[in-house]
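These notes are about the structure you will find just below.
The values are calculated or read from the model by the stated rules, or taken from the named source; none is laboratory data. All figures in this text were calculated on a predicted structure; none of them were measured in a lab. Neighbour counts are summed over all protein chains in view; Cβ atoms, including those assigned to glycine, are modelled from backbone coordinates with ideal geometry.
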Amino acid sequence: MTAPADVVLLHGVGLDHTMWDRVSPGLAEHHRVHAPDLLGHGSAPDVESGVTLTDLAAPVERLGEGPRHLVGFSLGALVATRFALDHPGEVASLTLVSAVANRSETERAAVAARLAAARRDLPATFDAAVDRWFSPAWRAGEPELAQRIRAVLAANRAQSYLACYGIFARGDEELWPELPRLACPVLAVTGADDPGSTPEMSRALAERVPSGRARVVPGARHLLPLERPEAVADAVLANVLR
């Protein structure tokens, strides 16, 4: 194992740092782990319409020292990528979990429709997200976890959530042309059954960057850090060692 390094975990839209609770212990055995709340989420300051990926990425610079190993989930993957592009000397590796990339017109329309639905009825959007993220078997096995994720979503401030979801809906389009500039090792990991952050997207990400790899976790959906935490921790540690 290499000397301890700083690993920064960035959560997804509408969630908070607690989504990493099952991954952090395995990483903390070897490295210094930082799991902040992104702007507009949890205990972090609110954001308004017009906030950018660059704005969300800015606080990462205050976490840890030296080249960091960034791990981003969904929206957090976009934020981590933005930081790596803007601060290449500050990032040692990128592990992009359940990331979106180069959405098709159909996929872009689908996420735009979810944003429009959220503007009309935010609670219903949160219910739909939990239904999409949890398979019936997983929800039956851990009903309290599904309820906890629903409570985290419900705690969002509407203005901040909608602003950040807007970034999630458009951020891959901003980043795609710039991805070939990424010099650090990049590992894209997603669930085989994730309909929004598809295996095809992870493979496209890996092919788009100079030093990229893709890993697909069989039988998993979107919430890999909670559904398959060991697979996520193993992926991060393998990427740190590259």
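So, residue 116, is that one part of a helix (DSSP H, G or I) and surrounded by 15 or more Cβ atoms within 10 Å (Cβ to Cβ) or not? Working first, answer last.
On the way: part of a helix (DSSP H, G or I): yes; surrounded by 15 or more Cβ atoms within 10 Å (Cβ to Cβ): no.
So residue 116 does not fit the description; no.
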Test: residue in region 201-215 that is closer than 17 Å to residue 53 by Cβ and in contact with a His (Cβ under 8 Å, 6 or more places away or on another chain): no
Near pairs, Cβ below 8 angstrom, 6+ apart or cross-chain, from region 160-178 (closer than 12 Å to residue 81 by Cα and modelled with pLDDT of 95 or more) to any residue that is crowded, with 18+ Cβ neighbours inside 10 Å and acidic (Asp, Glu): none
Within region 38-94, considering residues that are outside any helix (DSSP H, G or I) and among the β-branched types (Val, Ile, Thr), the one surrounded by the fewest Cβ atoms within 10 Å (Cβ to Cβ): 52
Residue in region 188-200 that is buried (at least 21 other Cβ atoms within 10 Å of the Cβ) and under 18 Å from residue 85 (Cα atoms) present: yes
Matching residues in region 179-226 - criterion: being closer than 15 Å to residue 78 by Cβ, in a helix (DSSP H, G or I) and within 13 Å of the chain's Cα centre (by Cα): 202
Residue in region 1-50 that is farthest from the chain's Cα centre (by Cα), counting only those that are farther than 22 Å from residue 126 by Cα and hydroxyl-bearing (Ser, Thr, Tyr): 2
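If a residue must be aliphatic (A, V, I, L, M), free of Cβ contacts under 8 Å to residues at least 24 places away in the same chain and either over 24 Å from residue 156 (Cα atoms) or surrounded by 15 or more Cβ atoms within 10 Å (Cβ to Cβ) (or both), how many such residues does region 126-142 contain? Reasoning before the result, please.
So in region 126-142, the residues aliphatic (A, V, I, L, M) come out as 128-130, 137, 140.
If we keep only those that are free of Cβ contacts under 8 Å to residues at least 24 places away in the same chain too, we end up with 128, 130, 137, 140.
With the extra rule that they be either over 24 Å from residue 156 (Cα atoms) or surrounded by 15 or more Cβ atoms within 10 Å (Cβ to Cβ) (or both), the set shrinks to 130, 137, 140.
Going through region 126-142 one residue at a time, the tally reaches 3.
Hey, among the residues in region 1-37 that are of a type in the set (S, T, N, Q) and part of a helix (DSSP H, G or I), which one's surrounded by the most Cβ atoms within 10 Å (Cβ to Cβ)? Please lay out each step first, then the result.
We begin by selecting, within region 1-37, every residue of a type in the set (S, T, N, Q); these are 2, 18, 24.
With the extra rule that they be part of a helix (DSSP H, G or I), the set shrinks to 18, 24.
On the way: 18: 16, 24: 19.
The qualifying residue surrounded by the most Cβ atoms within 10 Å (Cβ to Cβ) is 24.
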